Structure formats: C-alpha cells, structure tokens
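The values are calculated or read from the model by the stated rules, or taken from the named source; none is laboratory data. All of these numbers come straight from a predicted model, not from anything done at the bench. Here Cβ is always computed from backbone atoms with ideal geometry, including for glycine, and neighbour counts include all displayed protein chains. All accessible areas refer to the heavy atoms of the entire protein, side chains included, with ligands and DNA or RNA removed. Shrake-Rupley method; radii C 1.70, N 1.55, O 1.52, S 1.80 Å.
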Amino acid sequence: MAKALLLIDIQNGFCPGGNLPVADGDIVVPIANSLMESGHYDLIVASQDWHPADHGSFASQHPGKAPFDMGELSGQPQVMWPDHCVQGTPDAAFHPELLTAKINYVQKKGQNPAVDSYSAFRDNDKAALTGLAAYLVSKDVTELDIMGLATDYCVKFSALDAVDMLPGVKVRLIADGCRGIDPKGVEEAIEAMREAGVDIIESSGITL
Ligand SMILES: [Zn+2]
C-alpha cells in the first residue's frame with residue numbers, strides 16, 4: 001500500500017521561455033514542491049520528455065511543415081511540434097526551482113525518433129512500454145496522483161494509461177497542478193479523464 005505522486009514533464013521546454021511553452025506552465029512548480037514536502041506521498045516519480053535531435057515529432061524533420069501543423073509519423077496522424085526537450089539540453093532539464101532531490105525515480109520518454117510518447121507509460125502506438133507501470137507495481141502503489149504539463153497531451157495520456165495499465169490503483173488528477181496548451185483541449189481532456197474513472201481533485205484537498 002503506497003501513495004505515489006507522478007509529476008509529468010515539469011521541464012524548461014514546457015515553461016515560459018522554453019521551446020514549447022505552456023501558458024503559466026511554471027505555476028505548477030510551487031504546487032509540486034509543496035506536495036513533495038507535505039509528507040503525504042511514499043513515492044515521487046517524475047517523467048521527462050527526452051528526445052533525440054532528429055525526433056519525428058519535430059516539424060523541422062518534415063519538409064514543408066510548420067510547428068503545430070498536422071502531419072504523419074510512421075503512418076499515424078501527428079502534431080508537428082517545435083523542436084523541444086532535446087536530450088541533454090537546458091530545454092530538457094527539469095524546471096530549476098523544482099525540488100528534484102525529492103524525486104525517487106525519473107522516467108524518461110520519447111527517445112524513439114519514429115514514435116511520440118505523450119504518456120509516461122508507453123509510446124503513442126502503445127507498442128513499447130517505458131517500464132513505469134511495472135515499477136509502480138513493484139513498489140506496491142495503490143494510489144497515484146498525477147499533475148504537470150501539458151493537461152491536454154502528456155498529462156491526459158498518462159492518466160488514461162494509468163487507469164488502463166494499473167488495475168486496482170486509484171488514480172487522481174490534481175487539476176490546479178496542471179496547465180494545458182489549448183483551452184478547449186484542456187476541457188475535453190478533463191472530461192475524458194473523468195469518464196475513464198480518474199478522480200479530479202485540487203491540491204488543497206490533499207491532506208495527511
Ligand atoms: Zn515531446
């Protein structure tokens with residue numbers, strides 16, 4: 001029986017000043033820090049988008065495509081993103097104010113140039129697992145709270161996969177600990193998570 005906090009992609013690249021900034025993305029940092037310091041969690045896990053420089057989700061790899069166009073990657077529809085979170089660059093580093101010393105386990109994702117990985121649990125084609133689900137099972141996690149960036153992409157797909165891949169685990173979304181790219185997409189993402197059985201909560205409701 002363990003309670004885990006999963007921080008999704010709280011990296012420079014998704015914060016103001018980054019290559020794929022989410023509006024007010026850095027607002028989630030103090031929320032993550034206070035939850036990590038609260039003593040509520042037995043285990044703290046963070047995911048990190050970690051792309052090779054030639055990743056196929058980058059518009060720069062597709063002649064004629066601009067960032068945020070729709071394109072294709074390995075035959076699947078794919079949003080063409082600006083180059084972001086390239087391995088080993090400051091853009092891929094965690095936000096400098098995030099209390100990374102409190103993080104027990106970091107799950108990198110998105111290393112395969114031929115497929116994107118919004119979810120911390122598996123690639124978008126659902127073929128390759130990151131190993132995070134097995135790790136959480138090995139730690140006897142029974143409650144998983146998720147927050148981070150961006151609500152309508154990596155947070156959403158991580159939460160949906162958590163419900164799907166961790167039967168019996170209570171999954172909650174900390175709504176005020178998330179920021180998204182597209183306001184309409186955020187609404188739809190929250191609804192999709194709720195329908196899948198994710199409890200939508202606020203950080204203020206988490207108490208010892
Ligand atoms: Zn990415």
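Key figures
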item	result
Efficiency of FRET between residue 70 and residue 134 - r from beta-carbon atoms, R0 45 angstrom, step 0.05	0.85
Relative compactness, segment 99-208, computed as alpha-carbon Rg over 2.2 N^0.38 Å	1.04
Within straight-line cross-link reach of residue 126, aspartates and glutamates at Cα separation under 15 Å, skipping those fewer than 8 residues along the same chain	116, 161, 164
Evaluated at q = 0.14, 0.23, 0.25, 0.26 Å⁻¹: base-10 log I(q)/I(0), Debye formula over Cα of segment 1-84	-0.62, -1.06, -1.16, -1.21
Gyration tensor verdict on segment 130-185 (Cα atoms; rounded if a/c is under 1.5, prolate if a/b is larger than b/c, oblate otherwise)	prolate
Sum of side-chain charges, residue 191 neighbourhood, beta-carbon under 15 Å (Lys, Arg +1; Asp, Glu -1)	-3
Net charge, residue 154 excluded, C-beta distance under 11 Å - Lys, Arg +1, Asp, Glu -1	-3
Summed residue charge, Cβ within 13 Å of residue 142's Cβ, Lys/Arg positive, Asp/Glu negative	0
The chain - Rg over Rh from alpha carbon coordinates, Kirkwood radius	0.94
Segment 125-192 - percent of accessible surface contributed by carbon and sulfur, probe 1.4 Å	54
Taking only Cα atoms of segment 57-135, radius of gyration then Dmax in Å	14.4, 43
Three-way shape label, segment 19-60, alpha-carbon gyration tensor, a/c 1.5	oblate
Accessible area (Å², per residue) of segment 1-140, counting only protein heavy atoms and a probe of 1.4 Å	44
